[in-house]
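A.B. asks: Encoded as C-alpha cells, here's the structure I'll be asking about.
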Amino acid sequence: MSKVKIINKKKRFITFALGVVLLTIFLASLELVEFAGKDTAGNAQAYTIQSVKQNSELVDGANEEKKKQEQTSSKKTAGKTVYLTFDDGPSTLTGQFLDVLKEHDVKATFFMQGNNLNNTTFQENVKRTVQEGHYLGAHSMTHDHHKIYTNKQFVPEMKETINLIRDITGVNSTLVRPPYGSAPGLKSKQIRDEIVDAEMKIWDWTIDSEDWKLRDNPDKIVENIKEGTLRDVEVVLMHEKTQTLQALPAIINFYKERGYEFVAYDEDHHFSLNFQKDERL
C-alpha cells in the first residue's frame with residue numbers, strides 16, 4: 001500500500017472517531033437538559049401542591065374562626081336580657097339606687113321628671129347616673145295627666161325634659177316613657193305622629209312591679225316581678241321608692257340566678273315596646 005493511501009485512511013478514521021465523540025457529547029447534553037427540565041417541573045409541581053395546601057389550611061382556619069364567632073354571636077343573641085327601669089327621679093334616693101347597682105355591677109335605665117331635674121341638689125346624682133353607664137330618659141316635666149294628654153302637651157313637655165337632661169349631663173336622649181303608660185294616653189294618632197316628627201322613641205314595660213302602691217312591702221314587689229318574668233327579654237317598671245330600694249338586691253339576685261344579663265337601654269339597638277303597638281315608636 002502506498003504511503004498516500006495509508007495517510008488518507010488514517011484521516012478518515014480520525015474524522016470518524018471525532019464524529020462519534022461529538023455525537024456522544026451531544027446526546028449526553030440532551031439527557032442533562034431533559035433531566036434538568038424534569039427536575040424543575042417536579043419542584044414547581046411540589047411547590048404548587050404545597051402552596052395550595054397552605055392556602056387551603058388558611059381558608060379552613062378562617063372558616064373555623066368565622067364559625068366560632070357566629071356561634072358566639074348566636075349565643076349572645078339567644079341569651080336572656082332584663083332592663084331594670086326606674087321612674088320619677090331624680091330624688092333623695094337616686095344616689096342609694098346607684099350605690100346598689102354599682103355594688104352588683106348592674107346597668108339600668110332611669111326616666112326622670114323635669115320638675116325634679118330642676119332641683120339643683122339632685123343634679124350631681126343625675127350626672128353620676130350617666131357617668132356610671134346607665135341610660136337617662138325623659139318622663140315629662142309635670143307628670144300631670146290632664147296637662148300632658150288632655151291639653152296635648154306630651155311632646156312639648158318631653159322636649160323640655162330632654163333639654164334639661166342635655167344641659168345637666170351633656171347627653172342628648174331620645175327615649176321617653178309616657179306617664180301612666182302609652183295606653184290610653186297616646187291613643188291619638190295625631191300625638192303619635194308628633195312624637196315621630198320629634199324623633200323620639202317610646203318605651204312602656206313588660207312587667208309592672210306595682211311598687212308605687214306597696215309601701216313597707218318589698219317582698220311583694222319581688223314576688224310580682226318573679227311572677228311576671230315569662231320572657232327572654234323583660235323591661236321591669238319600678239320607681240324611686242324606699243320599698244323598691246329595699247327590694248332591689250333580691251330582684252337583682254333573682255335575675256342573676258335565672259341567667260339574665262342586665263342591660264341599659266341602647267339607642268343603637270332600639271326595639272319597639274309600646275301598648276299602642278306603633279312600630280314607628
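The values are calculated or read from the model by the stated rules, or taken from the named source; none is laboratory data. The structure displayed is predicted, hence computed values, not measured ones. Because the Cβ atoms are built from the backbone with ideal geometry, glycine has one as well, and the counts that use them run over all protein chains shown. Quick note on the areas: whole protein, heavy atoms, side chains included, nothing else; ligands and nucleic acids left out. Shrake-Rupley method; radii C 1.70, N 1.55, O 1.52, S 1.80 Å.
A.B. asks: Consider Lys107 against the criteria (1) open to solvent by 30 Å² or more (accessible area, probe 1.4 Å); (2) in a helix (DSSP H, G or I); (3) under 22 Å from Val236 (Cα atoms): it satisfies all of them except one. Which criterion is unmet?
C.D. replies: Of (1) open to solvent by 30 Å² or more (accessible area, probe 1.4 Å); (2) in a helix (DSSP H, G or I); (3) under 22 Å from Val236 (Cα atoms), only one is false for Lys107: (2).
A.B. asks: Starting from the range 239-261, keep only residues that are closer than 14 Å to Val222 by Cα, then list their pairs with residues that are open to solvent by 50 Å² or more (accessible area, probe 1.4 Å) and part of a loop (DSSP other than H, G, I, E, B) whose Cβ atoms are within a distance under 7 Å, requiring at least 6 positions of separation or different chains.
C.D. replies: Every condition considered, the pairs that remain are Gln243/Arg215; Gln243/Asp216; Gln243/Asn217.
A.B. asks: For residues in the range 192-231 being of a type in the set (S, T, N, Q) and out of contact with any Gly (no Cβ under 9 Å at 6 or more places or on another chain), which is farthest from Phe111 (Cα to Cα)?
C.D. replies: Here the answer is Asn217.
A.B. asks: Still on this model: Can Val155 be described as surrounded by fewer than 21 Cβ atoms within 10 Å (Cβ to Cβ), closer than 27 Å to Ile207 by Cα, of a type in the set (A, V, I, L, M) and at pLDDT 95 or above?
C.D. replies: Working: surrounded by fewer than 21 Cβ atoms within 10 Å (Cβ to Cβ): yes; closer than 27 Å to Ile207 by Cα: yes; of a type in the set (A, V, I, L, M): yes; at pLDDT 95 or above: yes.
In short, yes.
A.B. asks: I'd like the residue in the range 133-152 that is in contact with a helix residue (DSSP H, G or I) (Cβ under 6 Å, 6 or more places away or on another chain) and not β-branched (Val, Ile, Thr) and, out of all such residues, is nearest to Lys201 (Cα to Cα).
C.D. replies: Ala138
A.B. asks: Checking Lys127 against (1) at pLDDT 95 or above; (2) under 26 Å from Lys256 (Cα atoms); (3) part of a helix (DSSP H, G or I), which test does it fail?
C.D. replies: (2)
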